[in-house]
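Remarks on the structure that follows.
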Amino acid sequence: MGYKRGLRNQYAHTALLKLENVNDRKDVDFYLGKRVAYIYSGKKSGEKKHRVIWGKIMRAHGNSGTVRAKFRTNLPPKAIGQKVRVMLYPSTI
Amino acid sequence: MVKTSRNIPLSRGIGLYGRSKMFKRSGKWKFVNKGGPKKAAVEAPKELKTRFYPADDVKKPLPSRKNKHKPTKLKATITPGTVLIILAGRFRGKRVVFLKQLESGLLLVSGPFKINGVPLRRVNQAYVIGTSTKVDVSSVKVPEHVNDAYFARVSSDAQDGEEALFAQGAAPKINEEWLAKRKADQKEVDTALLKAVKAVPLLKQYLNAKFSLTNGQAPHEMKF
């Protein structure tokens, strides 16, 4: 969804994610701490074709279910609008 | 009521009042000669030992936390016999029966192997969802030797340089002894476990099925 930002400055170290079917700040609690993977492919075929950037959901962002996530390396700008996979672990249920 | 000392500390281990003054202040003078003769005999050597405290402050090492290991606290939803959903690793999505918690805190789990191909295995609590489905495992006895050491990696027989070169493409050699032992333990646990599973209608099919999410499903709204 983009990076953490004020109107005129953006902070690429934290990404904003919109989670499917999560529309409330209350619902976000389940997802806190869950690992997140941005999967993309490289040009060369073979083992290194699918690559991952791992991250985790840190906190809620606003009241409508958006979420802030931090990745091991910052998400590339082409990831904006792309799908990111949210894992169910580490699980607390 | 907390027992406080009537002495006034001047420094660590040194009080304002000496031994005889403390005796008066603490009221111990009232109880002199009231104990039996046996008691007096026991007291004497103790007093002599602690009569002189060391000239320099003797610092006690802070209690070490290194040797007190407790297994991680189990989530409330996980009790022996619970069906767990494994979330990551080779068996992700499989529903599996929880047997017991090992000393390291990891959970010992079995498919049962015949139903979904998950052998006796260790799993971390964080990578598991505890469902509300429970299997009665009171009749299942996990062999005593199945503990954390049991799951240590077994090195296959070391191969010589030449042999290793030729055997590069072949499958890694499995230690036959180790394999036989594992199979035997698996069988032992599973025969009792399978009986318990078969007693519940549809449980076998449930354990065989994999857990997955489809479009529109929200895990935070699900009741497991």
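With q set to 0.21 Å⁻¹, the log10 of I(q)/I(0) for the stretch A:44-93, from the Debye formula over equal scatterers at the Cα positions, is -0.96.
What are the lysines whose alpha-carbon lies under 20 Å from the alpha-carbon of A:K49, with same-chain residues fewer than 8 places away excluded? List returned: A:K78, A:K83.
Candidate cross-link partners of B:K195 among the lysines, defined by an alpha-carbon separation under 16 Å and a same-chain spacing of 8 or more, comprise B:K114, B:K134, B:K141, B:K187, B:K204. In whole angstrom, the protein assembly as shown maps to an equivalent ellipsoid with semi-axes of 55, 35, 25, each derived as √(5λ) from the alpha carbon gyration tensor and ordered largest first. The separation of the stretch B:126-149 from the stretch A:7-25, counted between C-alpha centres, amounts to 40 Å.
Between beta-carbons, use under 14 Å as the cut-off and find the net charge around B:G81, counting Lys and Arg +1, Asp and Glu -1. Surrounding charge for B:G81 is +4. Using the Cα coordinates of chain A, the gyration tensor eigenvalues translate into equivalent-ellipsoid semi-axes of 23, 17, 10 Å, sorted from longest to shortest. Extending 7 Å from Cα along the Cβ direction at A:N23 and again at B:T72 yields two label points whose distance is 3.5 nm.
Only the coordinates and a few stated rules stand behind these numbers; no lab work does. Since the structure is predicted, the reported quantities are computational estimates derived from the model, not experimental observations. In this analysis, Cβ positions are derived from the backbone assuming ideal geometry, glycine residues included, and neighbour counts consider all displayed protein chains.
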